[in-house]
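Structure, as structure tokens:
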Amino acid sequence: LIVALASGAALLHFAYPSVHTEAASLAQVSLRHFLQTASAQSSPARATTSAPAPKPSPAHPQVGAEAAPSGSYIDGLKAAGLRDFTVDQLIAMKIQGITPEYVRGLHEQGLQPNIETLIAMKIQGLTPEYIRDSHSLGFTPTADQFVAMKIQGITPDYVRGLKDAGVDSTINQLIAMKIQDVTSEYVRGMHEQGLQPDADKLIAMRIQDVTPDYVRDIHALGLNPTVDQFISMKIQDVTADYIKGLQAAGFKFSVDEVISAKIQEIDEEFIQRAVKHGFQNLTLEKLIQLKNLGVLEPRADI
């Protein structure tokens, strides 16, 4: 039967090449059906129990209704605790290389920056290690303060140097000192001249360019100003040469008198002019009165 059926299908196709191929297809289908039926009848029935599904391997986890997240960049950020970011913020974070691991590292150090601050921190190269070192030195800056510290180039070594020099400061004072270039060497230089300025005074002295050399020169003239007086002297542009001029004219002023004299523009030349008129035992107060009244000025200037 098998041979006859197969031969018939072949002969049908050979004898009538112009006939539609559906006939040959039908013959082939019949042949397959026959063979399947014969095979099923001649073979013993197989067990219908399905084999247990293979256990998923760690390398090839099964994908099902409860499969793990896709692992996209967005999913990673959300898993790290970031929410409600805009498309522009997402793009900026990706451009700056902000990873979920970076975000978690900041969170572990107690910081919860918003998206904008987070981007700024990454731009400035703030790392969890930098934050950890700052915490170990007794500082607990906010995220914005950390950004400011990094912008100004404040390193753990810089902080340690100031601490070793005996300077205690807040975060804002620390940032201000770095801006004004207050270094541990500058602090020690002031200590060598007998001054012990605190953080605010160090900032003010640096702003007014009070240097250890300036302090040394003033001390050499027999004056011993306080930190505040040194700042005032510098504000009024009291120089060592100016003091030398007053002393050369025969006046030994105190620090406050020197500052007042400079404010009133009383200098060596003015004092010498008063002496030429025969005035003796002039005090600073009298010199100031003469200066304000203009009685010693040339006629053309009166």
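The values are calculated or read from the model by the stated rules, or taken from the named source; none is laboratory data. The structure presented is a predicted model; accordingly, all values stated were derived computationally and were not measured. Cβ sites come from the backbone with ideal geometry, for glycine too, and all protein chains shown count toward neighbours. Please note that ligands, DNA and RNA were not included when accessible areas were found on the heavy atoms of the full protein model with its side chains. Shrake-Rupley method; radii C 1.70, N 1.55, O 1.52, S 1.80 Å.
Across segment 92-110, which residue is least open to solvent (accessible area, probe 1.4 Å) among those that are farther than 15 Å from Y73 by Cβ and free of Cβ contacts under 8 Å to residues at least 24 places away in the same chain? My answer is G105. For segment 121-128, the condition of being more than 17 Å from the chain's Cα centre (by Cα) and of a type outside the set (A, V, I, L, M) holds for none of the residues. Scanning segment 135-159 for residues that are open to solvent by less than 60 Å² (accessible area, probe 1.4 Å), of a type in the set (A, V, I, L, M) and either within 16 Å of L106 (Cβ to Cβ) or in a helix (DSSP H, G or I) (or both) yields a count of 5. P113 passes every criterion in (1) part of a loop (DSSP other than H, G, I, E, B); (2) open to solvent by 40 Å² or more (accessible area, probe 1.4 Å) apart from (2).
Conditions (1) surrounded by fewer than 13 Cβ atoms within 10 Å (Cβ to Cβ); (2) over 24 Å from T142 (Cα atoms), marked per residue:
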| residue | (1), (2) |
| --- | --- |
| I175 | no, no |
| S184 | no, yes |
| P197 | no, yes |
| L223 | no, yes |
| T239 | no, yes |
| E269 | yes, yes |
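For segment 277-296, a residue qualifies if it is loosely packed, with under 14 Cβ neighbours inside 10 Å and touching an Asp or Glu at 6+ places or on another chain (Cβ under 8 Å), and exactly one does: G294.
So that you can scan it fast, the table gives a plain yes or no per residue for (1) of a type in the set (G, A, S); (2) within 23 Å of K201 (Cβ to Cβ); (3) free of Cβ contacts under 8 Å to residues at least 12 places away in the same chain:
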| position | (1), (2), (3) |
| --- | --- |
| A143 | yes, no, no |
| F146 | no, no, no |
| M149 | no, yes, no |
| R160 | no, yes, no |
| D168 | no, yes, no |
| Q173 | no, yes, no |
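Would you confirm whether or not segment 170-193 contains a residue that is of a type in the set (S, T, Y), modelled with pLDDT of 95 or more and in contact with a helix residue (DSSP H, G or I) (Cβ under 6 Å, 6 or more places away or on another chain)?
Yes - at least one qualifying residue is present in segment 170-193.
Being within 22 Å of Q289 (Cβ to Cβ) and at pLDDT 95 or above is true of I259.
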